[in-house]
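Report on one structure; see the data block that follows.
Each value in this text was obtained by applying a stated rule to the coordinates, not by laboratory testing. None of the values given here were measured: they were computed from a predicted structure. All Cβ positions, glycine included, derive from the backbone under ideal geometry; neighbour counts span all protein chains shown.
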Amino acid sequence: MAHAEGQQHPLSVYIKVWVLLFVLSTFSYMVDYMHLEGYLRWSLILLFMFLKAGFIIAVFMHIKWERWALSFAICTPPVVLLVFIGIMVIESDYTFLTRNLFFGTGS
């Protein structure tokens, strides 16, 4: 009796995710087509980007079927980096405002 190595996932899962990625890419394209501006535009683009990356990591890189500890070890560092980037953005705004107050606008 032959024993198959590894896991076998149904092909329909990959097709459904592929279609979902196509739909999310269409929505991302529609953000530009609808001429959205400002924070709404960038928020939607980033949302669709993160959703697509999440589906690719979960299904095509097989993180969905890994043990929780391994998934946590792989997914935690990017989340921590995003938190640090957010802290740096807040700090940069604070630094910019305090320099404007101290040095003036320079006219």
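Considering all C-alpha pairs of the stretch 66-107, those separated by over 11 Å amount to 70%. The relative contact order of the chain comes to 21 percent, based on Cα pairs under 8 Å that sit 6 or more residues apart. Taken as entire DSSP H runs, the helices of the chain that both span 27 Å or more between Cα atoms along their own long axis and average -0.5 or more on the Kyte-Doolittle scale are 11-33, 68-103. Compactness ratio for the stretch 5-63: Cα radius of gyration over 2.2 N^0.38 Å (N = residue count) comes to 1.39.
Neighbours of Y29, meaning other residues whose beta-carbon lies under 13 angstrom from its beta-carbon, give a summed charge of +1 when Lys and Arg score +1 and Asp and Glu score -1. Remark: the chain projects, on average over all directions, an area of 11.1 nm² (convex hull of Cα atoms). Who wins for biggest fluctuation among K52, K64, K16 in a Gaussian network model of the chain, springs between alpha carbons below 10 Å? Fluctuation is largest for K16.
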